[in-house]
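Written out below as structure tokens is the structure these notes cover.
The values are calculated or read from the model by the stated rules, or taken from the named source; none is laboratory data. This structure is a prediction, so every number in the text was calculated from the model and none was measured. In this analysis, Cβ positions are derived from the backbone assuming ideal geometry, glycine residues included, and neighbour counts consider all displayed protein chains.
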Ligand code: SIN
């Protein structure tokens with residue numbers, strides 16, 4: 001058994017921002033499913049929204065406007081206190097990242113501020129179109145150099161260890177986690193009274209996603225199994241503009257995000273005939289909030305039978321795309337497209353999980369000692385639809401607040417609990433899986449079911465069908481889990497079916513359309529339904 005003062009599961013901006021603070025107070029172990037640069041954060045293009053000091057902000061911008069835009073996007077479901085607190089953390093977050101070595105783009109001695117859908121002002125700091133990668137490079141190099149931080153790549157947290165799991169009936173505390181080493185196949189006990197989930201989201205639950213392969217909802221699934229409350233999982237954000245790659249379809253489809261910042265800089269959505277269709281749906285046109293734009297594209301595609309719509313930037317000055325969005329420009333070149341002359345074919349794809357493990361504004365979950373930070377958590381900041389570029393801000397700010405709260409409640413200097421003995425992982429009689437084909441088949445079935453029945457437009461019928469298929473899949477996956485020696489494929493599939501089921505359960509509870517959840521039978525918001533959906537296993 002390995003003992004550590006702080007156990008951090010996940011290594012994106014949330015996990016590493018927390019680890020770097022916590023390292024001042026004790027030993028920190030960071031568990032990372034793959035290579036450290038493979039997190040969702042690394043893929044973030046747009047940037048990080050923040051209203052800076054008067055000399056650095058757009059004239060006329062205020063925190064109050066950022067609050068108003070966030071509340072408006074959140075469609076009546078944001079926790080207003082969460083929004084006010086986190087928006088006010090904007091400057092501290094930027095300072096923190098700059099001190100960590102992030103060089104946000106500047107123009108004439110001032111930060112260059114971008115704009116995205118739903119923002120009424122320019123307030124997005126960025127590093128060209130690879131902001132997340134630049135943030136990760138800075139945080140990773142600091143974390144790797146810190147003597148108190150141990151980073152374990154290729155390690156998969158199988159399950160949390162809690163007092164309840166060990167048989168306690170009244171006292172619900174986290175004690176650590178069982179962790180699978182990819183190299184050895186052993187499951188090791190990590191013992192800690194302070195555990196942070198920072199595992200990101202669950203885009204892989206859908207057939208088409210902007211997320212990396214690692215986004216299988218591990219944190220939500222683990223927290224759920226440990227008895228933590230989970231909230232608002234029906235609100236999956238579909239990004240309107242994922243590159244449409246006609247050569248790739250189905251489970252192996254690979255694509256990439258075309259940042260909303262491209263529309264912020266004047267890109268417009270058009271149909272195959274070049275008509276700007278977004279004004280049929282919203283007076284803000286191509287820069288309406290994401291839920292509206294994604295639904296509009298979905299409708300256009302269904303109406304016209306086209307495979308995609310187009311993002312047109314051909315009117316921008318020559319060299320603009322190459323200079324401001326080099327990653328996107330170059331990625332398109334690899335598919336034979338030149339954004340300066342060719343409209344970019346785009347479709348919506350699953351992008352961000354707005355719900356998650358229910359936490360307060362310090363990242364505290366309903367299980368003692370267990371915190372959740374970033375996309376895995378539901379703090380109330382995003383409501384029914386996240387405002388673009390608010391997520392990196394939330395992850396960094398909550399990481400800071402979680403550390404402060406943990407030091408107040410459970411400082412490492414104080415013994416929190418005399419832990420009951422933690423049994424070793426029991427592999428039972430299991431043998432390695434010999435029927436891998438069944439596992440891959442189930443992966444595909446979950447993702448296709450979710451895409452076909454639980455995506456941008458939902459109905460009672462579709463949700464019922466999805467729930468029925470997921471019930472069968474859950475049973476099969478249970479057999480794999482108990483019948484075979486655990487490996488990455490089984491563990492990810494187990495988490496995927498859990499999270500898919502939670503999305504469907506929450507979606508079936510909400511009898512209205514709000515933000516990202518659109519139901520054919522209930523096309524309007526219903527005031528009586530203006531509450532969070534909350535689920536708990538026991
Ligand atoms: C984008 O660049 O469009 C994504 C930014 C975000 O999801 O906040």
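The table below lists the values:
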read-out: Residue within the stretch 378-388 that is in contact with a strand residue (DSSP E or B) (Cβ under 9 Å, 6 or more places away or on another chain) and more than 22 Å from residue 534 (Cβ to Cβ) present; value: yes
read-out: Residue within the stretch 258-271 that is within 16 Å of the ligand (Cβ to nearest atom) and under 30 Å from residue 158 (Cα atoms) present; value: no
read-out: Unmet requirement for residue 176, which otherwise passes all of (1) surrounded by 24 or more Cβ atoms within 10 Å (Cβ to Cβ); (2) on the phi < 0 side of the Ramachandran plot; value: (2)
read-out: The stretch 197-207 - residue that is surrounded by 23 or more Cβ atoms within 10 Å (Cβ to Cβ) and more than 10 Å from the chain's Cα centre (by Cα) and, of those, nearest to residue 15 (Cα to Cα); value: 197
read-out: Qualifying residue in the stretch 139-154 (condition: part of a strand (DSSP E or B), more than 22 Å from residue 354 (Cα to Cα) and within 16 Å of the ligand (Cβ to nearest atom)); value: no
read-out: Qualifying position, being in contact with a strand residue (DSSP E or B) (Cβ under 8 Å, 6 or more places away or on another chain) and away from the ligand (no atom under 16 Å from the Cβ), among 320, 277; value: 277
read-out: Residues located in the stretch 486-529, provided they are assigned to a loop (DSSP other than H, G, I, E, B) and more than 25 Å from residue 240 (Cα to Cα); value: 486, 487, 526
read-out: Selected residue (only one of 132, 118 is modelled with pLDDT under 95 and either assigned to a helix (DSSP H, G or I) or under 21 Å from the mean Cα position of the chain (by Cα) (or both)); value: 118
read-out: Condition met for residue 475 (crowded, with 19+ Cβ neighbours inside 10 Å and on the phi < 0 side of the Ramachandran plot); value: no
read-out: Members of the stretch 155-182 that are outside any strand (DSSP E or B) and either out of contact with any strand residue (DSSP E or B) (no Cβ under 9 Å at 6 or more places or on another chain) or at pLDDT below 95 (or both); value: 163, 164, 165, 166, 167, 168, 169, 170, 171, 172
read-out: Selected residue [at pLDDT below 95 and in a loop (DSSP other than H, G, I, E, B)] from 306, 228; value: 306
read-out: Number of positions in the stretch 190-225 that are in a strand (DSSP E or B) and touching a helix residue (DSSP H, G or I) at 6+ places or on another chain (Cβ under 9 Å); value: 3
read-out: In the stretch 280-303, residue farthest from the ligand (Cβ to nearest atom) [restricted to those that are touching a residue at least 60 places away in the same chain (Cβ under 8 Å) and in a loop (DSSP other than H, G, I, E, B)]; value: 284
